[in-house]
Amino acid sequence: MSQSDLEAIHRAPPFSLVIFGASGDLAYRKLLPALFTLACNDLLPEEYVILGASRTPYTDERFRTHIRKGVEEFGRIKPSECDRWPAFAEHLFYQHLQYDAPEDFKALQQRLEALETAHQVAPNRLFYLAIPPSLYSTVVENLGEVGFSQEKEGHFARLIVEKPFGTDYESARALNTHIHRYFREDQIYRIDHYLGKETVQNLLVFRFANAIFEPLWNRHYIDHVQISVLESVAVGNRGSYYDQAGVMRDMFQNHLMQLLSLTAMEPPNEWDATQLRDEKMKVLRAVRPPKDGALRTNTVRAQYRATDGSGPTYRLEPGVDPQSDTPTYAALMLFIDNWRWKGVPFYLRSGKALAAKTTEIYVQFKEVPHLLFEAQGVDLAPNALSICLQPHEGFHLRFQTKVPGAGMRTRDVDMRFNFATTFGDKSLPEAYERLLLDAVLGDASLFSREDEILASWRLIDSILHGWEAGEGPPLTYYEPGSWGPVAAENMLAVDGRAWSVDCFKSYAPG
Ligand code: BG6
């Protein structure tokens, strides 16, 4: 298939996208920059309408000027680099509305229909909720009541919902039920932007387009797996949201559980949203929630606190309760009770205000059964594969080699593949480019299904409830700028293991 055939398949059909929360940060930094990049890459059709809707009273013109700034600052492709801005801007419109005013949704409907007629856009509609979660239900109801969820024959109506989807199992279930009053499950696209990341998708290609790894991908050859999503940023000005959420709701329920299920799932029969999500669901169902004693030994929760006052302290962040026990870091040791993974620990960790931003999946293989050689100075390190997801993307495979010279001494070396070297720096699309295009194309593979969200909440809730009931470990602290609390190191050390920061080390300057 030629490149132009491929592009034609991935070019979106005519559509209208209504973005609620269009004057907000997400639209400014991510959504509109992603749409402009799609336009510059010829992936948008001739006929489309992007209608921003929010409370700020912009005119179309002011909205376009505002968005242009965001695209210039945050776009992968900027208006100064691609001459399509004037044409793109002609597809941008704005409708001022109050989210709880049904009459404003009637006005929105009239405006959208008028735009569709004027620009000859078929009524293929997407409604993007880039608004605070507390407004989701109201907007969905108003959309439903004016009939926006109904699909005209041969056309579609889709709802795109940002995270967080609920704050626990019950609220997520209630939100699903509410949305289903108007939209069917296959009309709903729940965003987890990690699934839009190129290297996260590559995990599937790596596993299922290569014959040599899959036979080793199980309890017979793998000692343990680590999934680390570490951030250097502190909570900053998001304190009032974060203090309610904490790292478990903010990062584990969605991003880490997605990475876990993609790493551990069985191969689906084909690239198809239902099959892919069915396989991920099987993993989520098989994860054993840490209970009783295991909650104390297999979980860690911690907060950043600068002992010498030289860095940020979580309890002093604006919007945070000075007595807050909300964890900004957590580490879990989980087990997946199925034939492939029985007995293999999956260590997950994530936190804020750490030494560096780095996301890594580290797979350590078992040691050789019988050792013939002497390792140089240290124990012979087992084979390991590091999948580096961000900010530097690549794979490293560690294996042993002979040290040149007399004797049979060995040393571990690293075989590396870097995306940037092979494909060039500019080639990795932003997550939202992929997700927006897939939503228009109707491919829900990279969106979370209702049952996935609920299964993941069930696990996170059980841990949070255990902690609240005093069955977990005490809250500990870590220095901002460190790699996390000692308790997390100890959780691995008792079994002779240590956290990997291989991806960070491989790319660190010097
Ligand atoms: C978001 C969280 O979902 O993901 C943030 O709410 C976090 O707290 C962010 O910083 C991390 O995303 P990324 O793409 O920078 O790894």
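Only beta bridges with both residues in the chain are counted; by DSSP, about 55 percent of them are antiparallel.
Once R0 is set to 22 Å, what does the formula 1/(1 + (r/R0)^6) return for the Cβ-Cβ distance between HIS178 and ASP451, expressed as a FRET efficiency to the nearest 0.05?
Computed FRET efficiency for HIS178 and ASP451 comes out at 0.85.
Taking the accessible area of the stretch 240-380, probe 1.4 Å, and keeping the other protein chains in place, the carbon and sulfur fraction comes to 51%. Note on the chain: helix-only mean residue ellipticity at 222 nm, from DSSP H runs of 4+ residues weighted -39500 (n - 2.57) and normalised by residue number, equals -10000 deg cm²/dmol.
Indicate the gyration tensor shape class of the stretch 239-301 (rounded, prolate or oblate), computed on the Cα atoms with a ≥ b ≥ c the square roots of the eigenvalues: a/c under 1.5 is rounded; otherwise a/b larger than b/c is prolate and the rest oblate. Taking the square roots of the gyration eigenvalues as a ≥ b ≥ c, the stretch 239-301 is oblate. Potential lengthening of the chain between ALA355 and ASP325 amounts to 8.6 nm, from the contour at 0.36 nm per residue minus the alpha-carbon distance. If you plug the beta carbon distance of ALA101 and ALA469 into 1/(1 + (r/R0)^6) with R0 = 41 Å, you get a FRET efficiency near 0.45. What the chain shows is 44 Å² of accessible area per residue, with the surface traced by a 1.4 Å probe over protein heavy atoms.
Want the number for ARG219 to ASP272: 0.36 nm per residue separation, take away the alpha-carbon distance, what's left? Using 0.36 nm per residue and subtracting the Cα-Cα distance, I get 16.4 nm.
With the full set of protein chains in place, find how many percent of the accessible area of the stretch 435-510 is carbon and sulfur; take the probe as 1.4 Å.
56
The simple Förster model, with R0 at 35 Å and r as the Cβ-Cβ distance, assigns LEU397 and ARG296 a FRET efficiency of 0.50. In a reduced charge model with +1 at each Lys and Arg Cβ and -1 at each Asp and Glu Cβ, the chain shows a dipole moment near 1000 debye about its Cα centre. Applying 0.36 nm per residue to the separation of TRP339 and LYS282 and subtracting their alpha-carbon distance, the gain on full extension is 19.3 nm. If contacts are Cα pairs under 8 angstrom and at least 6 residues apart, what is the relative contact order of the stretch 371-462 in percent? Result for the stretch 371-462 is 19 percent. Of all complete DSSP H helices in the chain, not one has a Cα span along the helix axis of 27 Å or greater and a mean Kyte-Doolittle hydropathy of -1.0 or more. Ranked by the mean number of other Cβ atoms within 10 Å per residue, highest first, peptides 292-304, 261-273, 346-358 order as 346-358, 292-304, 261-273. Of all aspartates and glutamates in the structure, those lying under 16 Å Cα to Cα from LYS366, and not within fewer than 8 positions of it along the same chain, are GLU214, ASP223, ASP379, ASP412, ASP495.
Candidates GLY236, THR263, HIS193 compared by Cα position along the dipole of the stretch 149-271: farthest toward the positive end lies GLY236, with charges placed on Cβ. For the chain, the relative contact order works out to 17 percent when only alpha carbon pairs closer than 8 Å and six or more residues apart are counted. Amide hydrogen proximity for GLN303: with H placed 1.01 Å from N in the peptide plane, the residues at 5 or more positions away or on another chain lying under 5 Å are THR328, THR476, TYR477, TYR478. Extent of the chain along its three principal axes (Cα atoms, max minus min coordinate, largest first): 80, 57, 46 Å. As a length-normalised measure over Cα pairs under 8 Å and 6 or more apart, the relative contact order of the stretch 129-246 settles at 21 percent. Shown here for the stretch 150-184: GluC sites (Glu not before Pro) in loop regions (DSSP other than H, G, I, E, B) with at most 10 other Cβ atoms within 10 Å, namely GLU153.
Hey, which of these cross-link pairs are over 21 Å Cα-Cα: LYS30/LYS282; LYS282/LYS342; LYS69/LYS357; LYS30/LYS78; LYS69/LYS352?
LYS30/LYS282; LYS69/LYS357; LYS69/LYS352
Farthest towards the positive end of the charge dipole of the chain, among the residues TYR169, ALA157, VAL413, is the Cα of VAL413, using unit charges on the Cβ of Lys, Arg, Asp and Glu.
The values are calculated or read from the model by the stated rules, or taken from the named source; none is laboratory data. Given the structure is predicted, the values throughout are model-derived calculations rather than measurements. Every residue, glycine as well, gets a Cβ built from its backbone with ideal geometry; the counts of neighbours run over all protein chains shown. Ligands, DNA and RNA are stripped out before the accessible areas are found, and what is left, the full protein with its side chains, is counted by its heavy atoms. Shrake-Rupley method; radii C 1.70, N 1.55, O 1.52, S 1.80 Å.
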